[in-house]
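What follows is a single structure, written as structure tokens, with notes after it.
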Amino acid sequence: MKIPHGKGFDLTGGLVITVVLDDRIALTGTFLGEIPDERGFHKDECHPKWEQEEPEFILLQLTCNFEESGLPEIEAGTIVAINVEQILFVFPGGVCTTEDPQK
């Protein structure tokens with residue numbers, strides 16, 4: 001997935017988002033930033049100049065525990081790096097759900 005910068009969808013640090021991956025796994029957390037794809041970077045010998053700005057990963061600090069059968073449990077507060085190629089869609093906000101409706 002290409003992050004559509006400058007088209008009304010610029011993510012800012014501190015925004016709570018829900019990221020749905022291509023295998024339908026959803027992660028909710030605070031967007032911390034992007035890690036660029038260094039394979040496409042080129043440096044000028046005198047002055048470093050980054051020619052490519054496409055991110056390879058986004059960083060998300062989980063605000064909800066992640067529990068999916070057959071996968072390791074990840075606690076809220078954990079910082080995860082998500083490969084942008086695996087993102088199906090992103091939407092702002094998100095609510096933590098539990099199996100017990102009383103909680």
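The values are calculated or read from the model by the stated rules, or taken from the named source; none is laboratory data. All values reported here derive from a predicted model rather than from experimental measurement. Using ideal geometry, Cβ is built from the backbone for each residue, glycine included, and neighbour counts are taken over all protein chains shown.
Annotations
- From the list T12, T18, the one residue that fits, being modelled with pLDDT of 75 or more and within 12 Å of the chain's Cα centre (by Cα), is T18.
- Residue in the stretch 73-91 that is at pLDDT below 90, over 23 Å from V20 (Cβ atoms) and loosely packed, with under 14 Cβ neighbours inside 10 Å present: no
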